[in-house]
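For reference, the structure is listed below as structure tokens.
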Amino acid sequence: MSVLITGIGELTTNTEAGGDALVIDGSEIAWVGKAGNAPAADERVDVEGRAVLPGWVDSHTHLVFAGDRTAEFGARMAGKPYTAGGIAVTVNATRAATDEELAAVVRKHIAEALRQGTTFVETKTGYGLNVADEVRSARIAAEHADEVTFLGAHLVPPGEDADTYVELVRGEMLDAVAPLVRWADVFCEKGAFDYDQSKAVLAAAAAKGLGLRVHGNQLGEGPGVRLAVELGAASVDHCTYLSAADIDALASSDTVATLLPACDLSTRQSLPPARALLDAGATVALASNCNPGSSYTSSMAFCVTTAVLQMRMSVEEAVWAATAGGAQALRRTDVGVIRPGARADLHVLDAPSITHLAYRPGVPLTHSVWRRGERAN
Ligand SMILES: [Zn+2]
């Protein structure tokens, strides 16, 4: 089954190629170019001048959770500071939930994101924090998300000794979870795991063949970026507080700086120095960090709008970061791009150009979405 899409007012491909038409064949893009040169297709859809871009690639979410942290959020907005310890509230609720309850939460948020143009989702474990619940979280995540990350080192469970817990994470827990995931991640931050503990976990994961990611530099300057670059991690996520040396290190590495502006806003932190990163030559991705504590949004459009209006990124830079940038943070070349052979993940805006994402902040602009060649809404 092939579909010719015509009438594209503005086509963002994230490649050199452009045009006003494209062909989907099965689950992949088959052709991109000018409508007059289009090959024959089984079906034809005219998008009537609307903008078409790759579906959002959300490279950082935490969707395997239960419970609610509305009260904590309200208290924070009333002036209480954010600390890493709030994660424990979600851990208790997640451990108490059934498999079906957890799966329903994952499905609900992936469906919510898809309706807003997100066609590729990474998600993490990290609210189990014991062997059985981390394995269960990874299994449920793998059933629903496109990429899964092991985040056993999210927080030291209350009452446990940090070094003993690190040994569990890099030993028995990693052994049990590794077959279910592609990535391992550590929350390298004051109140979570320090440089040595983080490095011990990531080195063990790398030895198992997992790719690496780091949560770093969220609440203050710290060793997260340095560690990520040193170990060749695919991304370091948050990057809210960076030294000049951190920016230089990122600019001269393959490690993507994944910025999570909805999280910074929801915890009343500063926004990350996107302009300095881009000007230095670092690769920047944008992601939602959808989770019940510090960033409870699945809206990539909100992140793009914020990046443009408040982080001095151009619309083109922000859209690239939320599509191809997310793909690069996950070391994927088949998504975040519209070219023959890529996954047919398309986002049609009810607007003539991507500029409207920032020009019309807060307005829901998703007209239609295609995922793996199928019309999703
Ligand atoms: Zn996170």
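The values are calculated or read from the model by the stated rules, or taken from the named source; none is laboratory data. All figures in this text were calculated on a predicted structure; none of them were measured in a lab. With ideal geometry, Cβ positions are generated from the backbone for all residues, glycine too; neighbour counts draw on all protein chains shown.
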Exercise. Ser295 fails exactly one of the following numbered conditions: (1) surrounded by 19 or more Cβ atoms within 10 Å (Cβ to Cβ); (2) over 15 Å from Ala329 (Cα atoms); (3) away from the ligand (no atom under 11 Å from the Cβ). What is the number of that condition?
Worked result: (3)
For this session: Report yes if some residue within region 88-100 is in contact (Cβ under 8 Å) with a residue 40 or more places away in the chain and within 24 Å of Ala234 (Cα to Cα); otherwise report no.
Result: no
Seminar exercise, completed: Going through region 115-147 in order, the residues found to be surrounded by fewer than 24 Cβ atoms within 10 Å (Cβ to Cβ), of a type in the set (A, V, I, L, M, F, W, C) and free of Cβ contacts under 8 Å to residues at least 60 places away in the same chain are Val131, Ala132, Val135, Ala142
Problem set entry | Matching residues in region 235-258 - criterion: being touching a residue at least 24 places away in the same chain (Cβ under 8 Å) and buried (at least 24 other Cβ atoms within 10 Å of the Cβ) | Ser235, Asp237, His238, Cys239, Leu242, Asp246, Leu250, Thr255, Val256, Ala257, Thr258
Seminar exercise, completed: Residues of region 6-34 being crowded, with 16+ Cβ neighbours inside 10 Å and over 22 Å from Trp320 (Cα atoms), in sequence order, are Thr6, Asp25
Exercise. Is it the case that region 142-149 has a residue that's within 25 Å of the chain's Cα centre (by Cα), under 20 Å from Ala96 (Cα atoms) and either within 16 Å of the ligand (Cβ to nearest atom) or modelled with pLDDT under 95 (or both)?
Worked result: no
Seminar exercise, completed: Selection from region 266-276 of residues part of a helix (DSSP H, G or I) and either touching a residue at least 60 places away in the same chain (Cβ under 8 Å) or among the hydrophobic types (A, V, I, L, M, F, W, C) (or both) yields Ser266, Ala274, Ala276
Exercise. More than 25 Å from Pro81 (Cβ to Cβ) and not basic (Lys, Arg) - does that describe any residue in region 214-225?
Worked result: no
Problem set entry | Search result, residues across region 266-292 that are buried (at least 24 other Cβ atoms within 10 Å of the Cβ) and within 14 Å of the ligand (Cβ to nearest atom) | Pro272, Ala285, Leu286, Ala287, Ser288, Asn289, Cys290, Asn291, Pro292
For this session: Evaluate region 154-172: report whether one residue or more is assigned to a strand (DSSP E or B) and in contact (Cβ under 8 Å) with a residue 40 or more places away in the chain.
Result: no
